[in-house]
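Read the figures in this text as sums done on the coordinates, not as results from a lab. Bear in mind that the values here come from a model prediction, so they are computed numbers and not experimental data. Heads up, the Cβs are rebuilt from the backbone with ideal geometry, glycines too, and the neighbour counts pull from every protein chain shown.
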Amino acid sequence: MSVEFRHAALPNGLTVIAEVDGDAHTAAAGFFVRTGARDESRELMGVSHFLEHMMFKGSERLGAEAVNEAFDSIGADHNAFTSSELTAFHAHVLPDRFDEAVDTLAEIMRPALRTADFDEEKGVILEEIAMYEDNPFWRLYEAAMDRYYGDHPLGHRVLGTRDTITALSRDSMREYFEHRYSADNTVVAAAGRVDFDALVARIGERCGSWKRTGAVRTHRPFEPRALLLRDRHPSAHRSYLMFAAPAPPFEDPRRYAAAVAMQILGDGEGSRFHWALVDTGIAEEADASYDPRDGLGLFMMNAACPTDAADEVERIVREQITALRDSLDEGDLLRAKRKIATAIALAGERPAGRMQRIGVLWTMRGMHRTLEQETEEIERLALDDLRSCLDAFPPAPLLAARLEPEQTSR
């Protein structure tokens, strides 16, 4: 039986989508909310991630222990994530436990937000922030994004800061939740052995009373500029380098070419960075990535190396970036296409992977594309497509950031 895409919308605006596969041995479902760090005010930075934690503290009907038991009793592989763009809660189960998984997900999507739970979890979040602050790479990443985006909300930290989380009140969280976690800002995605009509009916019973709020995302203008950042960290034992440049946004069809170009430049063994930096022993790590976001995209290049090699590593990184466009050849393109096609296929082998892919795409763009369509887009790429993309979005770094050990002989 082939995979069939289904789509329905409840009267309150909540969207339900699925890739139904009667031959699958499992089923997966997820609730995707189009809200994340970029949708928060600066004063509420971190509230979306905090809310992710609070969902698992339970609803008015179920406490935290009961929520955990509900997932554990059906053998669910469940989790959640928050990004700048969206927040998602999902579960992967055997088909005969699918309805129970959907019920529990729907239940936690309307949390009680109890004061005692809020106060307790605030301490957990602050500990998490402290843990990441002690990570040199993460420290550099957050400082770099602060500097690169300035006062644009894409510079908001997903975890928030010590100050914003400490100052956050439960009432402010509830107000944010009631506006952003609305029916018309939520997508339910499913994949695998799913009875779609039964799923829509079940979501209607559980979520049909959710309100519309007309929540929208504000797209503020952003003008990137050349920046330099230097920092030190007491836990660092080597130097970390980070470079950033504008890239195609999520909705731009050139995102496929951008992804392939970064695969060639710095995605693991066989990449330009690997041969020039890692294989030669100059750097311990080096990679390049493409982050397609709503309205704005980002090229990012990273490296880690002994401090006395940092200047040389930066020189080579810039050299490889500058040479990329004119040095591309058919062998580069073929290898990158095969790697990406394999990654797409692997992600699509499990219903959980399919569910997350279609959930993110619909939440971000309100559209569906099959795995085959995604693969075909990659296969159609020619060298001229990559060159055209790199002409429009040259990855020459506008931000150059470096973090070094606190004590250095340089």
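What shape does the range 1-157 have by the C-alpha gyration tensor, where a ≥ b ≥ c are the square roots of the eigenvalues, rounded means a/c under 1.5, and otherwise prolate means a/b greater than b/c and oblate the rest? It comes out prolate by the Cα gyration axes. Note on the chain: dipole from Cβ charges, positive end direction compared against Ala167, Phe56, Thr280; the farthest Cα belongs to Ala167. When the chain is described by a simple charge dipole with +1 on each Lys and Arg Cβ and -1 on each Asp and Glu Cβ, the residue from Ala80, Phe243, Leu371 located farthest towards its positive end is Phe243. Taking only Cα atoms, what is the 0 to 90° angle, nearest 10, from helix 310-327's long axis to the longest principal axis of the chain? On a 0 to 90 degree scale, this one is about 80.
One decimal place: the segment Glu251-Arg162 gains 28.7 nm when fully extended, by the rule 0.36 nm per residue minus the C-alpha distance. Once each part is reduced to its C-alpha centroid, what is the distance from the range 41-112 to the range 377-410 in angstrom? Measuring centre to centre over Cα atoms gives 36 Å. Spacing of the modelled spin labels on His219 and Ser83, each 7 Å from Cα toward Cβ, amounts to 1.7 nm. The smallest convex shape that holds all Cα atoms of the range 227-405, its convex hull, gives 129 Å³ per residue.
State whether the range 4-44 is rounded, prolate or oblate according to the following rule on the C-alpha gyration tensor (a ≥ b ≥ c being the square roots of its eigenvalues): a/c under 1.5 gives rounded; otherwise a/b larger than b/c gives prolate, and the remaining case gives oblate. Taking the square roots of the gyration eigenvalues as a ≥ b ≥ c, the range 4-44 is oblate. Each Lys and Arg contributes +1 and each Asp and Glu -1, all at the Cβ; summed about the Cα centre of the chain, the dipole is approximately 920 debye. Among Thr87, Thr115, the ranking by other beta carbons within 10 Å of each residue's beta carbon, starting with the fewest, stands as Thr115, Thr87.
For the range 175-282, the set of trypsin sites (Lys or Arg not before Pro) satisfying both a DSSP loop assignment and a count of at most 13 other C-beta atoms within 10 Å is given as Lys211, Arg212, Arg225.
For the range 96-199, a crude dipole built from +1 on the beta carbon of Lys and Arg and -1 on the beta carbon of Asp and Glu, taken about the Cα centre, is about 360 debye to the nearest 20.
Would you please classify the overall shape of the chain from the alpha carbon gyration tensor, given that a ≥ b ≥ c denote the square roots of the eigenvalues, rounded means a/c under 1.5, and beyond that prolate means a/b larger than b/c while oblate covers the rest?
Here the chain falls in the oblate category.
With contacts taken as Cα pairs under 8 Å and at least 6 residues apart, the chain reaches a relative contact order of 22 percent.
Subtracting the Cα-Cα distance of Thr375 and Asp326 from 0.36 nm times their residue separation leaves 15.1 nm of extension gain. Summed over qualifying helices (DSSP H, 4 residues or more, each -39500 (n - 2.57)) and divided by its residue number, the chain shows a 222 nm mean residue ellipticity of -13500 deg cm²/dmol. Projecting the Cα atoms of Gln407, Pro234, Tyr181 onto the charge dipole of the chain, computed from C-beta unit charges around the Cα centre, puts Tyr181 farthest toward the positive end. The GluC sites (Glu not before Pro) of the range 45-147 that meet both conditions, a loop assignment by DSSP and at most 14 other Cβ atoms within 10 Å of the site Cβ, are Glu60.
With each label modelled as a point 7 angstrom along the Cα→C-beta vector, the Glu349-Arg365 pair spans 2.6 nm.
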